[in-house]
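Heads up, the thing below is written out as structure tokens.
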Amino acid sequence: MKKNIAFYSIVLLLVSGHIMAQEEEPTEYKKRVLEAVEVNLLSSYYTQDGENAAVTGGRGTEELTDIAPSINISIPLNDDDVLTVDATVSAYTSASSSNIDPFDGPQPADPFVASSGASEQDTWFGLTANYAHSSDDRNTIISGNVSFANEYDYSSIGFGGSITKLFNEKNTELQLNVNAYFDSWRPQYPIEFREGFNLSDYSFSGNPNFSSNYTEFQDESRNSYSIGVSLSQILSKSIQTAFIGDVVLQNGLLSTPHQRVYFGDFEDTMVENFTLGNDIERLPDTRTKIALGNRTNFYLNQNFILRTYYRFYTDDWGIDSHTFKAELPIKLGLNYTFYPMYRYYTQTAANDFGEYNTIVSTQEFYTSDYDLAEYDAHQYGIGFKYYDPLNKLNIGGFGLKSIDLKYNYYERTTQNFNANITSLSFNFVAN
Amino acid sequence: MSCVAVKEYEKININDPDMRLSERDLDKYKSTFQSYREAAAGANGGKTGGGCGCN
């Protein structure tokens, strides 16, 4: 009897001890994905110039100026979820766009002179919202996004999502992402093709029987679907690499409705210094793009990092391209980084590209957009970053985390085209 | 050089902001003008052709 009491007492003690252990088992610490609200204020000033404007069939000024302020806000909704909102406004003036209607200003019409009419300027607005959820172990991240963009002749709505998995003690990261854009044009055709244009209202020379192959596009929609995969891998304590691939399918109105084309087999009609177009750009209504890239970064020592990037691109319009970029962040102490950059880009011409006034009217597809021509481009950049991990400078409840200033110069060696872009950003973290 | 599982406490160099395997936030402007002015797009985190009347 006494033995039974002792036995059952021991069993009862063991069972109750096990239950108490389960109830008091401590929860594992889970670091928040994002500790506090982050605000990024960015802006850029862009200028370009060239002499192969697509609006005037590959011959004309490409002068353009753009100012684009942007704000990006990341908000931690809880330990696992982050909402990011990005809004950008881009205001530009363009000499080539102004020549959609070269006759609406006081100066003589000329492809190398900007017209001062309404088509000279436009504003693009874009808004994107992204929601991301991380699993408790932080090895799975699921995100979804929606975007909206609008300018005078174009609107876009887009949806997308991604799933990211981390493996191997977070040394390996695999991501799959998909995006779809449902866009539409509101075509602004060159003035000589619009109803109401009458050649007899102008003093002209050349062919008095001005005629064109122009017809309006019936389908004004433009859809894009992409699927992308990326695989990132830490190779050592100082090297990590990522392989990225994107496949993009597009359909709909892929031509740009205000870009003129001149036929070599048509006699020209000129008004003032401006040759009236023979048609607008006609490109296939489908396009398939494949891009494969690699980023590899090397932590050389506490003062030097090397960032490299390569991309191969091909599409079914006949364009193949290679991109190579190298950047060398140079750390000057804990807070300052100086980073020079060089980028080389080369592409082959689209099958349907023809230089100014070389296209034959019997072709099914044609363009004189020199962005689709064969060329090489060099880009040189210099950047400067101030980084304060302690966010000591406080402005309105937000600590300044970093300031980033960058200048890039871009030129095409086989075309007389160059561009300058200066960008500035301020990154704040809520206290 | 080989793929090794670098421990979290050994990732001080890998976690440097300049080692991030993506474009800088400021480079979104550069990527945008490149997607407008160049035929190629994709594999860089930028626009792939939708959302704009670009190439």
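Out of the residues in region A:162-179 that are not polar (S, T, N, Q) and not in a strand (DSSP E or B), state the one that is nearest to the other protein chains (Cβ to nearest Cβ).
Keep residues of region A:162-179 that are not polar (S, T, N, Q), which gives A:163, A:165-167, A:169-170, A:173-174, A:176, A:178.
With not in a strand (DSSP E or B) added as a condition, the list becomes A:169-170.
Numbers: A:GLU169: 5, A:LYS170: 7 Å.
Among those that are not polar (S, T, N, Q) and not in a strand (DSSP E or B), it is A:GLU169.
Does A:ILE75 satisfy the criteria of being buried (at least 21 other Cβ atoms within 10 Å of the Cβ) and either more than 14 Å from every other protein chain (Cβ to nearest Cβ) or in a loop (DSSP other than H, G, I, E, B) (or both)?
No; evaluated as a whole, the condition is false for this residue.
Let me confirm something: among A:LEU249, A:LEU254, A:LEU300, A:LEU306, which residue is more than 8 Å from every other protein chain (Cβ to nearest Cβ), buried (at least 18 other Cβ atoms within 10 Å of the Cβ) and modelled with pLDDT of 95 or more? Break it down into steps so the answer makes sense when it comes.
Values: A:LEU249 fails: buried (at least 18 other Cβ atoms within 10 Å of the Cβ); A:LEU300 fails: buried (at least 18 other Cβ atoms within 10 Å of the Cβ); A:LEU306 fails: buried (at least 18 other Cβ atoms within 10 Å of the Cβ).
Every option except A:LEU254 fails the conditions.
Can you tell me which residue is farthest from B:THR48 (Cα to Cα) among those in region A:265-309 that are among the β-branched types (Val, Ile, Thr) and within 32 Å of the chain's Cα centre (by Cα)?
Just the residues of region A:265-309 that are among the β-branched types (Val, Ile, Thr), to begin with: A:269, A:271, A:275, A:280, A:286, A:288, A:290, A:296, A:305, A:308.
With the extra rule that they be within 32 Å of the chain's Cα centre (by Cα), the set shrinks to A:280, A:286, A:288, A:290, A:296, A:305, A:308.
On the way: A:ILE280: 24, A:THR286: 14, A:THR288: 11, A:ILE290: 10, A:THR296: 21, A:ILE305: 28, A:THR308: 21 Å.
Top of the filtered list is A:ILE305.
Any idea which residue in region A:185-220 is nearest to the other protein chains (Cβ to nearest Cβ), counting only those that are surrounded by 12 or more Cβ atoms within 10 Å (Cβ to Cβ), of a type outside the set (A, V, I, L, M, F, W, C) and touching a strand residue (DSSP E or B) at 6+ places or on another chain (Cβ under 6 Å)?
Among those that are surrounded by 12 or more Cβ atoms within 10 Å (Cβ to Cβ), of a type outside the set (A, V, I, L, M, F, W, C) and touching a strand residue (DSSP E or B) at 6+ places or on another chain (Cβ under 6 Å), it is A:GLU220.
Tell me yes or no: at least one residue of region A:379-396 is surrounded by 17 or more Cβ atoms within 10 Å (Cβ to Cβ) and more than 12 Å from chain B (Cβ to nearest Cβ).
Within region A:379-396, one or more residues are surrounded by 17 or more Cβ atoms within 10 Å (Cβ to Cβ) and more than 12 Å from chain B (Cβ to nearest Cβ).
Could you please find all residues in region A:399-431 being under 23 Å from B:ASN15 (Cβ atoms) and away from chain B (no Cβ under 11 Å)? Working first, answer last.
Step one: list which residues in region A:399-431 are under 23 Å from B:ASN15 (Cβ atoms), which gives A:399-404, A:406, A:425-431.
A:GLY399, A:LEU400, A:PHE428, A:VAL429, A:ALA430, A:ASN431, listed by residue number.
Residues of region A:103-151 being more than 30 Å from A:THR269 (Cβ to Cβ) and of a type in the set (A, V, I, L, M), which ones? Working first, answer last.
From region A:103-151, those more than 30 Å from A:THR269 (Cβ to Cβ) are A:123-151; that's our starting set.
Listed by number, the residues that qualify are A:LEU127, A:ALA129, A:ALA132, A:ILE141, A:ILE142, A:VAL146, A:ALA149.
Residues being crowded, with 16+ Cβ neighbours inside 10 Å and either in a strand (DSSP E or B) or away from chain B (no Cβ under 14 Å) (or both): count how many of those fall in region A:273-289.
10
Quick check, is A:GLU411 in a strand (DSSP E or B), closer than 26 Å to B:ALA39 by Cβ and either modelled with pLDDT under 95 or acidic (Asp, Glu) (or both)?
Working: in a strand (DSSP E or B): yes; closer than 26 Å to B:ALA39 by Cβ: yes; either modelled with pLDDT under 95 or acidic (Asp, Glu) (or both): yes.
It is true that A:GLU411 is in a strand (DSSP E or B), closer than 26 Å to B:ALA39 by Cβ and either modelled with pLDDT under 95 or acidic (Asp, Glu) (or both).
So A:GLY228 fits all but one of (1) of a type outside the set (S, T, N, Q); (2) surrounded by fewer than 21 Cβ atoms within 10 Å (Cβ to Cβ); (3) over 26 Å from A:ASP352 (Cβ atoms); what number is the exception?
The single condition A:GLY228 does not satisfy is (2).
Keeping to region B:3-26, report how many residues are more than 8 Å from chain A (Cβ to nearest Cβ) and either crowded, with 17+ Cβ neighbours inside 10 Å or not in a loop (DSSP other than H, G, I, E, B) (or both).
Summing the residues that are more than 8 Å from chain A (Cβ to nearest Cβ) and either crowded, with 17+ Cβ neighbours inside 10 Å or not in a loop (DSSP other than H, G, I, E, B) (or both) in region B:3-26 gives 2.
The values are calculated or read from the model by the stated rules, or taken from the named source; none is laboratory data. Predicted model only: the values in this text are computed from it and were never measured. No Cβ is skipped: glycine too gets one built from the backbone with ideal geometry, and neighbour counts run over all protein chains shown.
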